[in-house]
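Structure first, commentary second.
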Amino acid sequence: MNFQSTHALCEHLKLIISMPQMCDVTFLVGPRDEPVHGVRAILGTRSRVMYQLLLKHMAMTDREQEEKTSKKKKSKKFTCNQPIGIGRSLSQRLVIPVKKYDHDVFQKLIQFIHCGTVNITEETVAGLYCAALYFEIADLSMACLDFVERCLKAGKIETLLNSTRCYGEHKNSSVLFDKIYSVMDARYVTKNKEGGATLV
């Protein structure tokens, strides 16, 4: 017998990332440095790019700590009360600035990485799509494209266009722009045909 109860697990993981004291990495997101918390062991195993980002910042934190320790030793006021090596790296909270995404989008991304669930909206789909491609989370990027297709079929073009414009500096947004503009062009052609206009 193979019994699974994934709903409770997802809810517990959501609870963990809503409690800063239970997490060991904090992302400072957007121009206002709004915090988004996570567990680096989960983040690193779910995304290769996230793993490399965590390692990079752990190394930077270690170097900064070693420089501080060296200065304290030189001033002869140093007392060794910190863990050393990897123990120190894992015991310290990692702080990583993230400027290319807004808080709501990045929070949804981190929730998906932790729990495998996310609520995609017209306002956040462009940011989530760009983030999913950057962090190589294939199932989320495919879900975003599917959501965009559904929105376009439902005629929700303007909201999607505004959302995508917010992430226009991301190279991956070009895929969304192409989809949106192709639908707009098709509707323009149809409208003109129905009105009897001659297209030059």
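I'd like to check something: does segment 154-163 contain any residue that is β-branched (Val, Ile, Thr), buried (at least 16 other Cβ atoms within 10 Å of the Cβ) and within 20 Å of ASP102 (Cα to Cα)? Taking every residue of segment 154-163 in turn, none turns out to be β-branched (Val, Ile, Thr), buried (at least 16 other Cβ atoms within 10 Å of the Cβ) and within 20 Å of ASP102 (Cα to Cα).
Every condition in (1) farther than 23 Å from ILE180 by Cα; (2) in contact (Cβ under 8 Å) with a residue 40 or more places away in the chain; (3) out of contact with any Phe, Trp or Tyr (no Cβ under 7 Å at 6 or more places or on another chain) holds for VAL98 except the one numbered (3). When only residues in segment 1-42 that are among the small types (Gly, Ala, Ser) and at pLDDT 90 or above count, which is farthest from GLY116 (Cα to Cα)? Of everything passing the filter in segment 1-42, GLY30 is farthest from GLY116 (Cα to Cα). Residues that are exposed (fewer than 12 other Cβ atoms within 10 Å of the Cβ) and under 13 Å from LYS100 (Cα atoms) within segment 165-184 comprise GLU169, LYS171, listed in sequence order. Please indicate, with yes or no, whether at least one residue in segment 79-92 is at pLDDT 85 or above, buried (at least 16 other Cβ atoms within 10 Å of the Cβ), part of a helix (DSSP H, G or I) and among the small types (Gly, Ala, Ser). No, that holds for no residue.
Once segment 23-51 is narrowed to residues that are charged (D, E, K, R) and under 18 Å from HIS12 (Cα atoms), the residue that is surrounded by the most Cβ atoms within 10 Å (Cβ to Cβ) is ARG40.
Restricting to segment 28-75, name every residue that is within 29 Å of ALA138 (Cβ to Cβ), in a helix (DSSP H, G or I) and without any contact (Cβ under 8 Å) to a residue 40 or more places away in the chain.
Residues satisfying the conditions are ALA41, GLY44, THR45, TYR51, GLN52, LEU55, LYS56, HIS57, MET58, ALA59, MET60.
Condition check ((1) assigned to a helix (DSSP H, G or I); (2) modelled with pLDDT of 95 or more; (3) among the basic types (Lys, Arg); (4) assigned by TED's automatic domain parsing to the domain that holds VAL36) across all residues:
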site	(1), (2), (3), (4)
PRO97	no, yes, no, yes
GLN107	yes, yes, no, yes
PHE112	yes, yes, no, yes
TYR129	yes, yes, no, no
ALA132	yes, yes, no, no
GLU149	yes, no, no, no
LEU152	yes, no, no, no
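Which one is nearest to PHE106 (Cα to Cα) among residues in segment 160-200 that are among the β-branched types (Val, Ile, Thr) and at pLDDT below 90? Walk me through it before giving the result.
The first filter runs over segment 160-200 and keeps only residues among the β-branched types (Val, Ile, Thr), leaving 164, 175, 180, 183, 189-190, 198, 200.
Imposing the further condition that a residue be at pLDDT below 90 reduces the set to 183, 189-190, 198, 200.
On the way: VAL183: 28, VAL189: 37, THR190: 38, THR198: 47, VAL200: 45 Å.
My answer is VAL183.
The values are calculated or read from the model by the stated rules, or taken from the named source; none is laboratory data. Note that this is a predicted model, so its numbers are computed, not measured. Cβ: placed from backbone, ideal geometry, glycine included. Neighbour counts: every protein chain shown.
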